[in-house]
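Coordinate-derived values only; no laboratory data. Every value quoted in this text rests on a predicted model; they were computed, and no experiment measured them. Don't worry about glycine lacking a Cβ; one is built from the backbone with ideal geometry, like all the others, and counts go over all protein chains shown.
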Amino acid sequence: MPMKDSALEGSLAQTSFPRLLFELWEKELSGRLHITNAAEEKSLFFEKGQVVVEKESLSVKNFLAALAKKKVLLPEQTRECERHARSRKISRIKALGELGLLSPLPLWNLMGSFFTRRLFSFFDLAEGRFSFESGAALAEGRRFDLLQSPELILQGIRQMQNFELMENHIPDEDAPIYISTPYFLHLLGLEPYEKYVLRILRQAPRLKIFYKSSELAKKENQKVLFAFICLGILSVPEKKPKSREPREQPEMEQGKILEALTEKCAYIYKYVSKEIGPVAQNVISKCLEEIKPGLGPLFQKMELLPDGRIEVDSAMRQSANLLPEELFKSLVKGYDDILAAEVLAVKKSLGGVHETSLVKNLEKIGCL
């Protein structure tokens, strides 16, 4: 769904709540997000993409009850806070400080944690609508703190129970996948098992291979995959919406798809050549030699052309006839595997920043 600067609206069935948080954070948008579903309605304020811990949304009475439940405060202390706030006509938050029950640093940390937990129910929402009012702002006195969305997204997804929602946003096992290294990756507080999943994903061109390699249960794998998708770390070629226009001839569709794949190969070669010059040919050639044994018979005599395209069989590629379905599928799968391997070669040769830039540009080339 395209995002506008002035307004944003849509369905949570298409854009999940954690993905929505990330998009607002990535675009550094400021304003108010409205979320409605059959059960409730809620508004969240954002400042340059960060979630605002708002005074009115905190529900201080419930906050005090939670402190008592966690035994941060004794029941008598919460009652004392209530009495002090009423007698002095001040907020309960201020009363906590005046009574010396909590100092500012732990108080602010506890408020942020309480506010975060109250958002967790929205992560499991599979139905509902959202709209974003750009420019809506809070008075300074109503803002307690700001939450960094990437860390909030991780926390929320870790406690999710709606596995059907997560599965709906995870690509098919045979779809090619790409792993990016965003600039904020090292700032994320990834747990050891999440780092483990990331390491395996970097070596797996498809999820089928990843699932076989990982020692986590499939549902736990999917929870981590969903988090990486929401955070833009794991990406797949975008699925094109079904068109109502008359379909083209099958042979024309095949030709366009194969041409798009070879265009992507050529772009990668051009990108690497621009960065490292003639050495690019050695980098790509070595990559192709390493992956060739796993590509099947169609690619055993493949040739790297001077412009970076991959030629399989010139007679077959120049044919205007419709290829058998199984042969065509084998060709597409082989090219997808080559693209994934070449992206990985770029990461190894040029680093994660170049890999991220390359993947974003590849999505704009051709049509898969």
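See the values below:
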| item | result |
| --- | --- |
| Percentage relative contact order, the chain, counting C-alpha pairs under 8 Å, at least six apart | 18 percent |
| Rg [Å, one decimal], Dmax [Å, integer] - segment 250-362, C-alpha atoms | 14.1, 42 |
| Calculated on alpha-carbon atoms, Rg and Dmax of segment 90-171 in Å | 16.9, 54 |
| log10 of Debye I(q)/I(0), alpha-carbon scatterers only, for segment 60-117 at 0.29 Å⁻¹ | -1.36 |
| Potential lengthening between Gln203 and Arg158 on full extension [0.36 nm per residue; Cα-Cα distance subtracted] | 13.8 nm |
| GNM flexibility winner over the chain from Leu125, Leu99, Leu12 (Cα, springs under 10 Å) | Leu99 |
| Between helix 60-69 and the chain: long-axis angle, C-alpha atoms, 0 to 90°, nearest 10 | 90 degrees |
| Measure of compaction for the chain (Cα Rg per 2.2 N^0.38 Å) | 1.24 |
| Translational D in µm²/s for segment 170-235 (Stokes-Einstein at 37 °C, 0.692 mPa s, Kirkwood Rh from C-alpha pairs) | 276 µm²/s |
| Between helix 17-26 and the chain: long-axis angle, C-alpha atoms, 0 to 90°, nearest 10 | 80 degrees |
| Distribution of pairwise C-alpha distances over segment 265-307, 10 Å bins, in % | 28, 52, 20, 1 |
| The chain: angle of helix 192-201 to the longest principal axis, Cα-based, in degrees nearest 10 | 20 degrees |
| Choice from Lys348, Lys301, Lys223 showing the highest fluctuation, given a GNM over the chain with Cα pairs closer than 10 Å | Lys301 |
| Ranked list, fewest to most other Cβ atoms within 10 Å of each Cβ, for Trp108, Trp25 | Trp108, Trp25 |
| Burial ordering of Ser103, Ser349, fewest other beta-carbon atoms within 10 Å first | Ser103, Ser349 |
| Order of Phe328, Phe132 - criterion: other Cβ atoms within 10 Å of each residue's Cβ, fewest first | Phe328, Phe132 |
| Assigned charges on the beta-carbon of Lys, Arg, Asp, Glu; the chain dipole about Cα centre (debye) | 1520 debye |
| C-alpha center-to-center spacing [segment 255-287, segment 32-93] in angstrom | 55 Å |
| Those chymotrypsin sites (Phe, Trp or Tyr not before Pro) in segment 177-220 that DSSP places in a loop and that have at most 16 other beta carbons within 10 Å | Tyr183, Phe184 |
